[in-house]
1. In this structure, is B:K16 touching a strand residue (DSSP E or B) at 6+ places or on another chain (Cβ under 6 Å) and either in contact (Cβ under 8 Å) with a residue 12 or more places away in the chain or open to solvent by 10 Å² or more (accessible area, probe 1.4 Å) (or both)?
2. Only one of these conditions is not met by B:M130: (1) in contact with a Leu (Cβ under 8 Å, 6 or more places away or on another chain); (2) closer than 15 Å to B:Y80 by Cβ. Which number is it?
3. Please go through the stretch A:146-182 and pick out each residue that is open to solvent by 50 Å² or more (accessible area, probe 1.4 Å) and either hydroxyl-bearing (S, T, Y) or touching a Lys or Arg at 6+ places or on another chain (Cβ under 9 Å) (or both).
4. Which of the residues spanning the stretch A:93-112 are of a type in the set (V, I, T) and free of Cβ contacts under 8 Å to residues at least 60 places away in the same chain?
5. Run A:L10 past the list (1) open to solvent by 20 Å² or more (accessible area, probe 1.4 Å); (2) at the interface with chain B (Cβ under 10 Å from one of its Cβ atoms); (3) in contact with a Lys or Arg (Cβ under 8 Å, 6 or more places away or on another chain) and report the number of the one that doesn't hold.
6. Right, A:E31: open to solvent by less than 10 Å² (accessible area, probe 1.4 Å), within 11 Å of another protein chain (Cβ to nearest Cβ), touching a Lys or Arg at 6+ places or on another chain (Cβ under 6 Å) and at pLDDT 95 or above or not?
Number of protein chains: 2
Amino acid sequence: MPASVIPFILECEKLKAIERRTYPAGFKRRENSAEHSWSLALLAMTLIPKIDPSLDTLRILKMLILHDIVEIDAGDTFCYADQGDKAEREKLAAQRIFGMLPADLCAEFTGLWEEFEEGSTMEAAFANAMDRAMPLLQNHANQGLSWIEHGVSFDQVMARNGKIGNVSAELWKAIRERLDEAMEKGWLKKGDSHAL
Amino acid sequence: MPASVIPFILECEKLKAIERRTYPAGFKRRENSAEHSWSLALLAMTLIPKIDPSLDTLRILKMLILHDIVEIDAGDTFCYADQGDKAEREKLAAQRIFGMLPADLCAEFTGLWEEFEEGSTMEAAFANAMDRAMPLLQNHANQGLSWIEHGVSFDQVMARNGKIGNVSAELWKAIRERLDEAMEKGWLKKGDSHAL
């Protein structure tokens, strides 16, 4: 029955209240995880044909649409901060929230979320690269706004995001140029100086 | 080149500043068109298996991710208000914004947007039904907040949204029950009394 999914859909409205550290490019306010998820789906749609058209686009889009829903319970964890018990909190969140769906959809969505988290398939690696690339593009466009607020260093960004190069050397090159500019301009701190 | 899509992606950030008339369920603020687009993609993912698994899910998700990008130039037009020169404004917007992409992606995205607007394929009709259904679920969950603000009547809602029944009689039945309750409780005005 179609109506059986309505409680889940209304529960997922709460993702629009989960605030991330990143600001959309050109904005004075932070973005929420729902609009972030839309951006990643759009980015994937535009990049898959340029990077690897053999990828399963549908699975990537589904993963990106779902990937942050666990934050409704677990909150957004800043990627440069101590991750604490994030994995455990998110697992419980997935059980509760996807558990609101009929069994077939619960199994599908849980599987897609786990695939994204593990990042071991080609599609999951690509989806994870989108999740890394987008805030780098946004922060560069915003002259480092969120990096400066949180004292993020060039080395931290390189350590977390270098994996983008495994998905596309050309995409990583374009991002790397922006990161180099960010360090030159002082939008990223030099070295690995800051413990968040 | 992957980097060739970056200007388009950064331009699309502006969709996060386009305010709709509808409030997310349980929210005191209106929603923007980017988070709305995410909701429709999520709703489609959950409903397609329940309504018609033979539909091309990827094309529906792509249409929903793209469908409101034209509002960056053309603005959001309230569905119960005079539509004015909306079609012409949106066409120019599509030319400018999708025109920022390499030719192959520009052609694909323009085609998907036109398919959504025309609504004549099975996939476009389904995507349009998501665009109609979601604000009805949100307004019902919000005890008619946006309907009351704009003096929307039961007859207006029925005239615009009855097409949902062509996509799924069961989904329309579930929504219809909510609309009947909304009229009984005064969240929707009786009759067709209000010219917006």
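The values are calculated or read from the model by the stated rules, or taken from the named source; none is laboratory data. Note that the structure is predicted; figures quoted are calculated from it, not measured. Note that we place each Cβ from the backbone using ideal geometry, even for glycine, and neighbour counts take in every protein chain shown. Keep in mind that these areas ignore ligands, DNA and RNA; they rest on the heavy atoms of the full protein, side chains included. Shrake-Rupley method; radii C 1.70, N 1.55, O 1.52, S 1.80 Å.
1. Taking the combined requirement at face value, the residue satisfies it.
2. All conditions pass for B:M130, except number (2).
3. If the condition is that a residue be open to solvent by 50 Å² or more (accessible area, probe 1.4 Å) and either hydroxyl-bearing (S, T, Y) or touching a Lys or Arg at 6+ places or on another chain (Cβ under 9 Å) (or both), then A:I148, A:E149, A:D155, A:R160, A:K163, A:E170 are the ones that fit.
4. Once the filter is applied, which keeps residues that are of a type in the set (V, I, T) and free of Cβ contacts under 8 Å to residues at least 60 places away in the same chain, the stretch A:93-112 yields only A:T110.
5. Going through the list (1) open to solvent by 20 Å² or more (accessible area, probe 1.4 Å); (2) at the interface with chain B (Cβ under 10 Å from one of its Cβ atoms); (3) in contact with a Lys or Arg (Cβ under 8 Å, 6 or more places away or on another chain), A:L10 breaks only (3).
6. yes
Results for (1) free of Cβ contacts under 8 Å to residues at least 12 places away in the same chain; (2) open to solvent by 10 Å² or more (accessible area, probe 1.4 Å); (3) of a type in the set (D, E, K, R), shown as yes or no for each residue.
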position	(1), (2), (3)
B:Y23	no, yes, no
B:G26	no, yes, no
B:L43	no, no, no
B:T46	yes, no, no
B:D56	no, yes, yes
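Listed here are the residues, each with its yes/no results for (1) hydrophobic (A, V, I, L, M, F, W, C); (2) more than 10 Å from every other protein chain (Cβ to nearest Cβ).
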{"site": "B:A17", "(1), (2)": "yes, no"}
{"site": "B:T46", "(1), (2)": "no, no"}
{"site": "B:P53", "(1), (2)": "no, yes"}
{"site": "B:D56", "(1), (2)": "no, no"}
{"site": "B:D73", "(1), (2)": "no, yes"}
{"site": "B:D76", "(1), (2)": "no, yes"}
